[in-house]
Amino acid sequence: MEGTGTFEKYRAMGELIASQGQHFVIALFILVVGLIVIKQGSKLLKLLLERFALKPQTVSTVNSIISIIVLVIVIATALEQLGMNSLVIRRVLFLVSLAVIGIIAIFRPLIPTLPFKVGNTVKVGDLLGKIEATTILNTRMRTFDGKTVFIPNSKIINDFVINYQFTETRRVKVDVGIGYDQDILKAKQILETIMIEDPRVKVTPRPTVYVLNLANGCVQLGGRCWVENAKYWTSRCELIEKTKLRFNHEGIIIAFPQLDVHHYHGDASPEFPGEEDHIREIDVK
Amino acid sequence: MKVVEALKVIDDGWVRKPEGFRVHFQKQENSEWVTEYSPGEKQKALDSDVVAWRLAWKLAEARKSDTPENDDGALVNIYVVDDLGNPTKYYASNQFEVFNRRDI
């Protein structure tokens, strides 16, 4: 009796596959193709929306809403192929999609997002490196000395974050101190020329040289120019190298911290104007 | 003359900003001296003259001929050129320099 029951089950299943199998395969095909189209279409839509200079959050929300609408249409079409085209199912799908869209639209802006993308060079607290991956709980960063650091997202949200790739360009500072007896104008000209003739330095904003300060032991010159973010480090190092070598070649002496000590004996005569009073004070003491 | 026009005059007439650099060198092929560049003329030029001069110096050191008679594999007349093919001054000395100079 048991064997007959099993046989009946298989027979019924065979009949079902014979009658509904084609519809089932078509429904499955619609579902798979639909999911692939949604995934690829979502990427294209994101690129398209980014051209309109919308906020990343807005782009993401609009993208999610459109993806959900298309997904509901795909599911409804697949169910229709299986013969489930009742009005109730369509209404349920419509209500579920409306609820999901509502939740996304209302709560998305309240969910904190990380201020960088994978591949960006970022400084979080004291850690500087390239972002390799982000998950719900933590962010994986590879520092420039090869360490992999897992940073809790809560720490990132509550800490200062510098994203070096948020803007395309970055300013390079070339500060150098020259002696008081050196030719300031010549030094400024050399420094400006070095910056202008470097292909990586942007034409606008123009490279500029300032006299930053008349410091204790030197006249401080500051060269300022803009380069692409990706070329910042090598540009800065090479501009400093060129400045040192060109100054050497042109006879501009770079100042270094120094302290002149004058030692006077009792019968010593002052070497510089004003020192006489100072020597007298020392004698009185 | 507007300031913008003055700046244009300065840009055109004071310091030229090259678009890239290549290392020029000559080597012997079938007993003839041929000129080549690194990176090649169809490849993207280097954006740093410091890197280009460093490459030139290393090439010169790596392929110095033992004697003037033995030029097999030697690379001579090594210097840096800009995107127009004009020799570039060595950034350290601000002079035109040639490594492994050879009159050919």
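Computed quantities for the displayed model
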item: Pairs, first within 11 Å of chain B (Cβ to nearest Cβ) in the stretch A:242-254, second in a helix (DSSP H, G or I) and open to solvent by 50 Å² or more (accessible area, probe 1.4 Å), C-beta under 7 Å, six or more apart; result: A:Glu250/A:Lys186
item: From the options A:Val227, A:Val201, A:Val176, residue that is β-branched (Val, Ile, Thr), surrounded by 15 or more Cβ atoms within 10 Å (Cβ to Cβ) and more than 14 Å from chain B (Cβ to nearest Cβ); result: A:Val176
item: Every residue from the stretch A:125-156 that is of a type in the set (S, T, N, Q) and outside any loop (DSSP other than H, G, I, E, B); result: A:Thr134, A:Asn138, A:Thr139, A:Thr143, A:Thr148, A:Asn153, A:Ser154
item: The stretch A:204-222, subset surrounded by 14 or more Cβ atoms within 10 Å (Cβ to Cβ) and within 14 Å of chain B (Cβ to nearest Cβ), residue nearest to B:Val50 (Cα to Cα); result: A:Pro207
item: Boolean, A:Thr204 is hydroxyl-bearing (Ser, Thr, Tyr) and in contact with a Phe, Trp or Tyr (Cβ under 9 Å, 6 or more places away or on another chain); result: yes
item: Residues satisfying the stated conditions in the stretch A:104-145, i.e. closer than 19 Å to A:Glu168 by Cα and among the small types (Gly, Ala, Ser); result: A:Gly119, A:Gly129
item: Selected residue (criterion: nearest to A:Thr234 (Cα to Cα)) from residues of the stretch B:24-83 that are in contact with a Ser or Thr (Cβ under 9 Å, 6 or more places away or on another chain), modelled with pLDDT under 90 and among the charged types (D, E, K, R); result: B:Lys27
item: Of the criteria (1) modelled with pLDDT under 95; (2) open to solvent by 20 Å² or more (accessible area, probe 1.4 Å); (3) of a type outside the set (S, T, N, Q), which one A:Ile194 fails; result: (2)
item: Every residue from the stretch A:182-201 that is in contact (Cβ under 8 Å) with a residue 40 or more places away in the chain and outside any helix (DSSP H, G or I); result: A:Gln182, A:Asp183, A:Asp198
item: Residue check for A:Phe94: aromatic (Phe, Trp, Tyr) and under 27 Å from A:Leu114 (Cα atoms); result: no
item: Which numbered condition A:Glu50 fails, given (1) surrounded by 16 or more Cβ atoms within 10 Å (Cβ to Cβ); (2) closer than 30 Å to A:Thr113 by Cα; result: (1)
item: Leading residue by the ranking (surrounded by the fewest Cβ atoms within 10 Å (Cβ to Cβ)) among those in the stretch B:1-43 that are within 12 Å of chain A (Cβ to nearest Cβ) and closer than 17 Å to B:Gly85 by Cβ; result: B:Glu19
item: Lone unmet requirement of (1) modelled with pLDDT under 90; (2) open to solvent by 70 Å² or more (accessible area, probe 1.4 Å) for A:Ile162; result: (1)
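The values are calculated or read from the model by the stated rules, or taken from the named source; none is laboratory data. Since this is a predicted model, take the numbers as computed values, not measurements. All Cβ positions, even for glycine, are placed from backbone atoms using ideal geometry, and neighbour counts span all protein chains on display. What goes into the accessible areas is simple: the full protein's heavy atoms, side chains included, and nothing from ligands, DNA or RNA. Shrake-Rupley method; radii C 1.70, N 1.55, O 1.52, S 1.80 Å.
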